[in-house]
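Reviewing the structure listed below.
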Amino acid sequence: MGKIIAVANQKGGVGKTTTAVNLAASLAATKRKVLLIDLDPQGNATMGSGIDKYEVPATCYELLVEELPFEQVVCKNTEGVYDLIAANADVTAAEIKLMEVYAREQRLKNALAPIKKDYDYIIIDCPPSLNMLTVNAMTAADSVLVPMQCEYYALEGLTALMDTIAQLTSVVNGELHIEGILRTMYDPRNRLANDVSEQLKRHFGDKVYRTVIPRNVRLAEAPSFGAPVMYYDKSSTGAKAYLALAGEILRKAD
C-alpha cells in the first residue's frame, strides 16, 4: 500500500512546490513508483514537471468535481519519471464547487483509494492556504511534510500549521501525523537561520530532517526548463540535497 505525503505550509514562498517536485523525482530515481498531485491552481508543480498547464486535457478539477476516472486524469509522460495529476487556473473553481457537494473533504481520498496500492509514494503539493483543497489533501494523506525557511515569521507560521493539523486530526483524519520538517533555502552563514534551526531541533527533535536544502541557483532555474533539478543539473548541491532527503525518508519508512 502506497504512502501519501502532503507537502504543506500555510506560508507561501518556502519552497513547497520545489520540494514536492524534486522529492517526487528523487524517489522515482530510486525505482519507486511515484505519483505527484498538483493541488495548487498556480500549476507550478505541473510546469516544473514538463507538462504545459495550458494544454493538459484534464486536471484535479475533473478528478475532484466531475469525478472522472483516475486513468483519464493522470499524465504519464513527465520529465521527472513520475506520474502526475496536473493543475491550472480551472482548479480555483473546484474550491467553490466542492462547497456544494456532500462529503466534500473526502473527494480526493475516495478518488485515490482504488489506485493507492499501485504507487509506493503519492506526493501532494498543497496550496499555500487552508482551503477545501488543502483539507482534501490532509484528509487523504498519511502524513504532512512541512518545508520552512529558518526565519522568525516562519516559526509563527509553523505554530499555526501545527494547530491546523491537530484540528484536522481530530475531525477528518485521526491517522494524520507530521512526516517531518524540512529546512529550505538554508544559508549557514546567516546567524538567524542557525538560531531558528537550533530552536526547531530543540522543539521538534527527530521530526526535523537532518537533510537541509541550501539556497541554490540551479534549484531556482530548473522550473523554467520544465524539469526537476536532478535532470537539469544532477551535480548541483540542490539535486544532491533532495536525493539525500529521499534517502532519509526511505530509511525512516524501513
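The values are calculated or read from the model by the stated rules, or taken from the named source; none is laboratory data. Predicted, not measured: the structure shown is a model, and the values here were computed from it. Cβ atoms come from the backbone with ideal geometry, glycine included; neighbour counts cover every protein chain shown. Side chains included, ligands, DNA and RNA excluded: accessible areas come from the protein's heavy atoms. Shrake-Rupley method; radii C 1.70, N 1.55, O 1.52, S 1.80 Å.
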Inset, instruction - May I ask you to evaluate 6.51 cos²θ - 1.76 cosθ + 1.60, the Karplus curve with θ = phi - 60°, for each residue of region 32-41 and list the ³J(HN,Hα) values in order in whole Hz, giving x for glycine and proline? - result: 8, 8, 10, 10, 10, 10, 8, 9, 9, x
Inset, instruction - Quick one: which residues, 5 or more positions from SER143 or on another chain, have an amide H under 5 Å from its amide H? H modelled 1.01 Å from N in the peptide plane, none for Pro or chain starts. - result: ILE4, ALA6, HIS177
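Dipole size in debye (nearest 20) for the chain around its Cα centre, Lys and Arg Cβ +1, Asp and Glu Cβ -1? Walk me through the numbers on the way to the answer.
Details: 27 positive and 31 negative charges, 195 e Å.
Dipole about the Cα centre, nearest 20: 940 debye.
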Inset, instruction - May I ask you to give the percent of accessible area on the chain that is carbon plus sulfur, with a probe radius of 1.4 Å? - result: 51 percent
Inset, instruction - Please give the per residue accessible area of the chain, computed with a probe of 1.4 Å over protein heavy atoms only, in Å². - result: 45 Å²
Inset, instruction - Determine which lysines satisfy two conditions relative to LYS207: a Cα distance under 20 Å, and not lying fewer than 8 residues away in the same chain. - result: LYS3, LYS11, LYS16, LYS252
Legend entry - HN-Hα J in Hz across region 12-20 - Karplus 6.51, -1.76, 1.60, θ = phi - 60°, x for Gly and Pro: x, x, 10, x, 5, 5, 4, 5, 4
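If the only charges are +1 at each Lys and Arg Cβ and -1 at each Asp and Glu Cβ, what is the size of the charge dipole of region 84-220 around the Cα centre, to the nearest 20 debye? Kindly include the intermediate steps, with their values, before the conclusion.
Values: 15 positive and 17 negative charges, 70 e Å.
In debye, rounded to 20, region 84-220 gives about 340.
With N set to the residue count of the chain, report its C-alpha Rg divided by 2.2 N^0.38 Å to two decimal places. Don't jump to the answer; show the numbers that get you there.
On the way: Rg = 17.0 Å, N = 254, 2.2 N^0.38 = 18.0 Å.
Computed over Cα atoms of the chain, the ratio equals 0.94.
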Legend entry - Placed amide H near TYR186: partners under 5 Å, 5+ positions off or other chain: ILE213, ARG215
Inset, instruction - Provide the per-residue ³J(HN,Hα) series for region 136-147, in order, calculated from phi with Karplus coefficients 6.51, -1.76, 1.60 and θ = phi - 60°, each as a whole number of Hz, with x at glycine and proline positions. - result: 4, 5, 5, 5, 7, 6, 7, 7, 10, 9, 10, x
